[in-house]
Amino acid sequence: MSVMSMTGFARVDGGAEAAPEGGESPIPWTWTWEIRSVNAKGLDLRTRLPSLAEGWESRIRERAQARLARGSVTVTWTLEQADRAKVPQVVVNEPFLREILALQEKLEADGLVYPTAPSLDRLLAIRGVVEVVERVADTAVIAALEAPALADLDRALDGMVEARGREGAKLKAVLETHLDEMAELTGRAVAAAETQPAALRARMADQLALLLEASPPVSEERMVQELALLATKAEVREETDRLTAHVAACRELLSDGGAIGRKLDFLCQELNREANTLCSKAVDLELTGIGVELKTRIERFREQIQNVE
């Protein structure tokens, strides 16, 4: 499996014909699926659908969960009539028109005779006689479009997986560079630790002199404890061994791929813990500097793995 990023974008356009309620002829509709994804602790899915299509949410969620493990994912579906179907529907308010004609007959019966009968164009020009109605999707349209629209959603989700895979490949290269730097710094720490005995002897001599000059005098048992503690703190082989092991474990995870973000985050915490201990045990500036530089590389590594699925 490849390393997957949680960042991605996918878009799929589609269309089909569907007839609104009322027995009208089918008209063409077009739609667009857009999916956007950024990093998150888990899988946080949000849908933006027309109100009549909100019942699709559970099926959308099932499809997304089958392909994506983590990320804040927003799925948007927009629907409209195809260009060739956007001619508005003209509706004549026949009851209102009959009322107008009935009023004319009544007025004529009362002696108000018009020289000419009202023409059709004048009657249609009366406000309220003719209405222009935009066709809108109704429950019949949504039901008819569900199967082809969700098939296009599958295509969009596949595109999102591909996009996150491409980002993941770039991210993997960056993470491997950080691991190379950490491995190199760990090797330098091992080499620097070999020079610590001389520095340690000097510090032990200074510490012993302070203890001997203390007033009241320090017991022999106390001096042994202090010197043993100093010697123990100066041994960093255990920390460098664990750093090496954690770097190797990170490399193995990157090689395996899949949903490895949480595991990498845990290993990053362990790397940081060992680097902190290394700094606290350092008895010279060289090893301290290596430890600080190592902590900087680990922090950069941690920032990048926040985008790993």
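Tabulated data for the structure shown
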read-out: Gain upon complete extension [Asp44, Ile126; 0.36 nm per residue less C-alpha separation]; value: 24.1 nm
read-out: Violating pairs (Cα-Cα greater than 30 angstrom) within the set Lys170/Lys295; Lys170/Lys281; Lys41/Lys172; value: Lys170/Lys281
read-out: Charge tally in the Cβ shell below 15 Å around Gly55, where Lys, Arg are +1 and Asp, Glu are -1, Gly55 excluded; value: -1
read-out: Label-reachable residues, the range 2-46, where backbone N falls under 17 Å from a point 7 Å from Gln306's Cα toward its Cβ; value: 5-8, 37-44
read-out: Residue-span extension gain [Ala69 to Ala169] - 0.36 nm each, minus C-alpha spacing; value: 34.3 nm
read-out: Amide H within-cut-off set for Gly71, under 5 Å, with H built and near neighbours excluded; value: Ala40, Gly42, Leu43, Asp44
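No value in this document is a laboratory result; all are computed from the given coordinates. The shown structure was predicted, so the numbers you read here are calculated from the model rather than taken from an experiment. Heads up, the Cβs are rebuilt from the backbone with ideal geometry, glycines too, and the neighbour counts pull from every protein chain shown.
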